[in-house]
Amino acid sequence: MIISPVTYDYYEISFILIVAAFSIPISRKASMVYIPVLIVMGLIFGPLLGFINHSFAIYMLSSFATIGVGMLGLVIILYYESHNFSPRILKKYFTKIAALDTIGMVVTAVGAGIFFSLLTGAPFIVGFIFGSIISPTDPASLIPTFKKLNIRDDISGTLIGESLFNDPLGIILLSLGIGILAPNVSYSSFFTLLTSHVGLIMGFGSFLILEIAIPAAIGIALGFAIIFLNKYFNFESLLVALTLGIVLFEFTSLEALGITPFPAIISTGAIIGNYSDKSIFWNRETNFNENLSFMAQSIIFILLGSILTRTQIFNYIVLGFVISLIVIFLIRPIAVFISIGLANMGKNVIKFDNRTKAFMSLVGPRGVVPVVLSTVPFVIGEANHIQILIEYGTIIYASVSFVVLISIILQTVYVPYVGKLLLGERKY
């Protein structure tokens, strides 16, 4: 019997869903969070056994339905998880979150870029592109870990707030790197246009406002609009369809305009989570999106474990481990101590002590957004015949994959022990 490629794809999708289901009992028996289990299962059934094809994993993660399961899943995950994000926490720790999402990310991009260039011989601007890609942290990895450990609200709120809002700046930094290296490519054309008229600093600031403040305002308005519409029409069980439809509309419309949609999606989820009347239908909406978010995480992390080939693992394993350890144990701590240290300098602010800063510096897993962005340099290089991006594009992609895999696996394993050591028993 001849199996068509489409049928084979559906076999692989069904296999991924079945494998995902086993992550819960396995993680329960191993007394650990499920994310490392999903990644390891992806590695076993992907590059090691070949049940999940490498090209299929890349297609599903980055290109399925033109945007990829990675980006679509991230929309669902961020929308649900922002239900639980308190505006009170954002207001109380705004300066620290803002410092981590600006100063901390610039330090990460520059620091990681320097070491990438030293280790690979690439020009610094290529290293900066790599550093920009791995600068965002991942809420999909942080939130399940914090829920299991009952991390203090001030620490978890700051770190989750950082991870929820740092994706746009990662995209901005990548646009800056691409714009400097290849100013004529379409990926960074709008950013290049801004900087050419108002200068680099003003252009960077204007682009940041456009990418964060404007979509956040749209998301807030749509969140309150959904609540108002439901009070007037009472959508009952189809409230799920309304909210998911509007969130997907936000994503599609802002993406079409070249604006990152994540601040809008996060804002809509936070408004609904904090200001809805918590009726039975809102509870159903929350439960539905929780299950959908969990399934999206499961698929994404299995695919993350499957995207590397055995050849890439063999060729880049040493570089991948070295750059991962540098990012986790050197660059991240430097970025956190500098940014939180500066945020602590203001008057009448809640200050984090050195133990808290040390804990935060060791928690910052990378995830879906870096993986999705990691293919951008090579794709741009091939489309525009830019030899330097073609040459280093595969190295960037493989190195980012290792940073994501190793940071998630290591940090979900050692965070409980680091929490007890630095924050005290039952106080973290």
(request) Specify which of the listed residues (370, 365, 333) is of a type outside the set (S, T, N, Q), open to solvent by less than 50 Å² (accessible area, probe 1.4 Å), at negative phi and not in a helix (DSSP H, G or I). (result) 365
(message) Contact list please: Cβ distance under 9 Å, first residue in region 369-388 and farther than 21 Å from residue 162 by Cβ, second residue modelled with pLDDT of 85 or more and of a type in the set (D, E, K, R), pairs at least six apart or on different chains.
(response) 381/391
(message) under 27 Å from residue 376 (Cα atoms), open to solvent by less than 40 Å² (accessible area, probe 1.4 Å) and not in a loop (DSSP other than H, G, I, E, B): which single residue out of 145, 192, 137 fits that description?
(response) 192
(message) Against the condition of a type in the set (A, V, I, L, M, F, W, C), in contact (Cβ under 8 Å) with a residue 40 or more places away in the chain and within 20 Å of residue 43 (Cβ to Cβ), how does residue 301 come out, does it pass?
(response) yes
(message) Of the residues 184, 166, only one is surrounded by fewer than 19 Cβ atoms within 10 Å (Cβ to Cβ) and not small (Gly, Ala, Ser); which?
(response) 184
(message) For region 230-240, give me the residue count where each residue is open to solvent by less than 60 Å² (accessible area, probe 1.4 Å) and of a type in the set (A, V, I, L, M).
(response) 2
(message) For the structure I just gave you, tell me whether residue 30 is closer than 27 Å to residue 413 by Cβ, open to solvent by 50 Å² or more (accessible area, probe 1.4 Å) and either at pLDDT below 80 or of a type in the set (D, E, K, R) (or both).
(response) yes
(request) Return yes when residue 75 is assigned to a helix (DSSP H, G or I) and either on the phi > 0 side of the Ramachandran plot or under 18 Å from the mean Cα position of the chain (by Cα) (or both) and no when it is not. (result) yes
(message) So, in region 57-98, how many residues would count as being under 25 Å from residue 7 (Cβ atoms) and open to solvent by 10 Å² or more (accessible area, probe 1.4 Å)?
(response) 11
(message) Among the residues of region 386-396, what is the count of those that are of a type outside the set (A, V, I, L, M), under 21 Å from the mean Cα position of the chain (by Cα) and open to solvent by 20 Å² or more (accessible area, probe 1.4 Å)?
(response) 1
(message) If I go through region 394-428 residue by residue, how many of them are small (Gly, Ala, Ser) and at pLDDT below 90?
(response) 4
(request) Can you tell me which residue among 343, 383 is open to solvent by less than 60 Å² (accessible area, probe 1.4 Å) and of a type in the set (Gly, Ala, Ser)? (result) 343
(request) Tell me which residues, restricted to region 131-140, are in contact with a Gly (Cβ under 7 Å, 6 or more places away or on another chain) and under 15 Å from residue 330 (Cβ atoms). (result) 131, 135
(message) Residue under question is residue 255, and the condition is that it be in contact (Cβ under 8 Å) with a residue 40 or more places away in the chain, under 19 Å from residue 71 (Cα atoms) and open to solvent by 80 Å² or more (accessible area, probe 1.4 Å); does it hold?
(response) yes
(request) Among the residues of region 223-259, count how many are part of a helix (DSSP H, G or I), under 30 Å from residue 190 (Cβ atoms) and among the aliphatic types (A, V, I, L, M). (result) 8
(request) Looking only at region 300-323, count how many residues are part of a helix (DSSP H, G or I) and crowded, with 22+ Cβ neighbours inside 10 Å. (result) 9
(request) Return the residue satisfying two criteria in turn: it lies in region 260-286 and is open to solvent by 20 Å² or more (accessible area, probe 1.4 Å) and assigned to a loop (DSSP other than H, G, I, E, B), and of such residues it is nearest to residue 76 (Cα to Cα). (result) 278
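The values are calculated or read from the model by the stated rules, or taken from the named source; none is laboratory data. The structure displayed is predicted, hence computed values, not measured ones. Methodologically, a virtual Cβ is constructed for each residue, glycine included, from the backbone with ideal geometry; neighbour enumeration extends over all protein chains shown. Only protein heavy atoms, including side chains, enter the accessible area calculation; ligands, DNA and RNA are left aside. Shrake-Rupley method; radii C 1.70, N 1.55, O 1.52, S 1.80 Å.
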